[in-house]
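Reviewing the structure listed below.
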Amino acid sequence: VAGRHAPDSPVVIRDLAMTYPASGGQPPKVALKGLSLVVEAGECLALLGENGAGKTTTISILTGVFPPTGGSATVSGYDVRTHIDLVHLETGLCPQFNILWETLTVSEHLLFYARLKGVPPRDEATHTARALLAFGLAPYASRKAHQLSGGMQRRLSVAISLIGDSTVVLLDEPSTGLDPVSRRALWDIIDRAKAGKAMVLTTHSLHEASLLASRIAIMASGSLHALGTQLELNARLDDGYRLYVAFDDNVADSVADGLVRLFGSIRLGETFIGSQTWFLPRSLALSDVFAKLVQAAPVLGITDWGISQVGLHDVFHDVVVSARRAAREEDERVNHIV
């Protein structure tokens with residue numbers, strides 16, 4: 001097929017850029033700035049970022065909602081700019097919001113999308129039945145979409161994205177709005193279904209990313225700022241531990257001074273009325289930290305304290321804050337030149 005490349009990697013993104021045109025008196029909006037990523041078969045890549053970071057724009061370009069203004073992307077070897085019809089045959093999508101027909105049943109939805117994905121007519125019934133069982137939808141097969149709960153509608157949307165044995169699956173915030181029980185059930189389904197597929201997952205849930213993703217990409221302001229496994233991302237922080245302390249309101253300053261005297265090069269994270277969070281370097285021995293706190297806590301007026309390892313939440317916060325600072329400095333530099 002003309003325009004097809006050797007599909008060594010199911011998803012290849014090269015210097016992808018997207019600028020939305022000016023409208024309503026607003027200037028053009030730069031949504032993506034030279035994004036480059038590769039997603040391998042059998043890998044689940046989580047895209048993390050604030051609202052407006054470019055996650056959904058990336059998904060939209062990969063599925064042909066609109067073409068990029070720069071760069072390129074291939075899905076299963078097909079260029080999304082020139083062969084989007086072939087990309088659709090290889091791709092499954094669960095959009096951010098459910099797109100279902102109210103009067104179609106669960107079975108009819110799955111059968112319809114199986115046909116769209118090119119499942120042979122002789123295999124349609126078997127394929128649909130298998131999907132109903134795999135996603136726990138068999139008891140609701142004859143129910144119409146509007147008769148399903150929000151959790152079941154979301155489960156159906158994920159099932160649709162995986163029907164037809166898609167080689168690439170794009171899940172845009174699949175668990176948004178679900179209660180904890182439904183969310184956990186959906187995570188189990190996605191975890192079982194991701195084997196052998198190239199999956200891209202956008203989410204605001206760091207817990208969801210840590211459970212499902214084999215690699216994590218953190219985006220900010222349309223650019224990629226961090227990429228790696230959770231352990232690799234955690235290692236980028238010099239801090240190794242998070243210390244939480246609670247105290248009476250009037251001793252905040254003396255608590256802070258006392259902790260600095262005890263541990264030296266520690267960094268204040270968040271501070272609230274009656275509590276503080278500190279980050280401790282990896283070089284500190286936990287046994288020493290515990291021994292010192294047991295003795296010093298009553299003297300400093302600390303009523304409660306706890307220690308945990310830094311995690312994905314801390315990395316995400318550090319990356320986003322650094323990106324904001326860099327963007328602000330760049331704006332100031334440009335304004336100064338102008």
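The values are calculated or read from the model by the stated rules, or taken from the named source; none is laboratory data. This structure is a prediction, so every number in the text was calculated from the model and none was measured. Heads up, the Cβs are rebuilt from the backbone with ideal geometry, glycines too, and the neighbour counts pull from every protein chain shown. These accessible areas exclude ligands, DNA and RNA; they are computed on the full protein's heavy atoms, side chains included. Shrake-Rupley method; radii C 1.70, N 1.55, O 1.52, S 1.80 Å.
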Over 20 Å between C-alpha atoms is what I'm after, so list which of Lys33/Lys194; Lys33/Lys197; Lys33/Lys55 land there. Lys33/Lys194; Lys33/Lys197
Give me a comma-separated list of calculated 3J(HN,Hα) values for the range 216-226, in order, Karplus coefficients 6.51, -1.76, 1.60 applied at θ = phi - 60°, integers in Hz, x for any Gly or Pro. 10, 10, 10, 10, 8, 6, x, 10, 8, 10, 7
What list of ³J(HN,Hα) couplings, whole Hz, do you get for the range 90-96 from phi and the Karplus terms 6.51, -1.76, 1.60, once you set θ to phi - 60° and write x for glycine and proline? 9, 10, x, 10, 10, x, 4
Heavy atoms of His146: accessible area, 1.4 Å probe, square angstrom to 10: 100
Separation between Cα centres of the range 15-66 and the range 147-163, rounded to whole Å: 25
Only helical DSSP H runs with n ≥ 4 go in: add -39500 (n - 2.57) per run for the chain, normalise by residue count and round the 222 nm mean residue ellipticity to 500 deg cm²/dmol. -12000 deg cm²/dmol
If we restrict to alpha carbons, what Rg and Dmax does the range 216-280 come to, in Å? 15.6, 43
What is the sum of charges around Val65, taking Lys and Arg as +1, Asp and Glu as -1, for the other residues whose C-beta is under 15 Å from the C-beta of Val65? 0
The chain: relative contact order in percent, alpha carbon pairs under 8 Å with at least 6 residues between: 18
Going through the range 12-114, which trypsin sites (Lys or Arg not before Pro) have at most 16 other Cβ atoms within 10 Å and a DSSP loop state? Arg81
Over the range 139-257, calculate the relative contact order: mean separation of alpha carbon pairs under 8 Å at least 6 apart, over the residue count, as a percent. 17
Scoring only Lys, Arg, Asp and Glu (+1, +1, -1, -1) among other residues with Cβ under 11 Å from the Cβ of Pro174 yields 0
Please turn the phi angles of the range 8-24 into ³J(HN,Hα) values with the Karplus equation 6.51 cos²θ - 1.76 cosθ + 1.60 (θ = phi - 60°), one per residue in order, whole Hz, x for glycine and proline. 4, 10, x, 10, 10, 10, 10, 6, 6, 9, 8, 10, 7, x, 5, 7, x
